[in-house]
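FYI, it's all coordinate maths here, none of it is from the lab. Please read all numbers here as calculations on a predicted model, not as lab measurements. With ideal geometry, Cβ positions are generated from the backbone for all residues, glycine too; neighbour counts draw on all protein chains shown.
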Amino acid sequence: MAVEFCSVCNKKHKATSWRTYAESGRLIHICDKYFKPVSVEHVPQSTKTDREKYAKSLLQPWREGTPSAEFIEAYPKQAAKMFTLKEKLKAKEVWKDSPNHKNWRKSK
Ligand SMILES: [Zn+2]
């Protein structure tokens, strides 16, 4: 959780993630209430295919502070070293809505 001055809410507040834009020569911060996850529409097809092909190796252990159940399933040994028991119990399938990761079980 970072505290930034939010240009949309027009005040300092906490948010899980922030976007920074340069507008008229100054930087503006926008909290996660006001942006959607990055669209994959602009990703070239080859990159997209690669990402799907290697989705498993691209799995990240965390998403916004929540441990990834997919990561734990894919890499149980690494996960055993990385996460505490408490963290494992909190783990969720955080990547199931991600176009890059949703088919990771079928990938490398
Ligand atoms: Zn805000």
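The residues of segment 54-72 that are surrounded by 15 or more Cβ atoms within 10 Å (Cβ to Cβ) and of a type outside the set (Val, Ile, Thr), listed by number, are 55, 56, 58, 59, 61, 63, 67, 68, 69, 70, 71. Residue 79 - would you say it is more than 16 Å from the ligand (Cβ to nearest atom) and without any contact (Cβ under 8 Å) to a residue 24 or more places away in the chain? Criteria met by residue 79. Taken together, 21, 34 contain a single residue that is within 16 Å of the ligand (Cβ to nearest atom), assigned to a loop (DSSP other than H, G, I, E, B) and aromatic (Phe, Trp, Tyr), which is 34. Within segment 84-100, being part of a loop (DSSP other than H, G, I, E, B) and either surrounded by 14 or more Cβ atoms within 10 Å (Cβ to Cβ) or not hydroxyl-bearing (Ser, Thr, Tyr) (or both) holds for 91, 93, 94, 95, 96, 97, 98, 99, 100.
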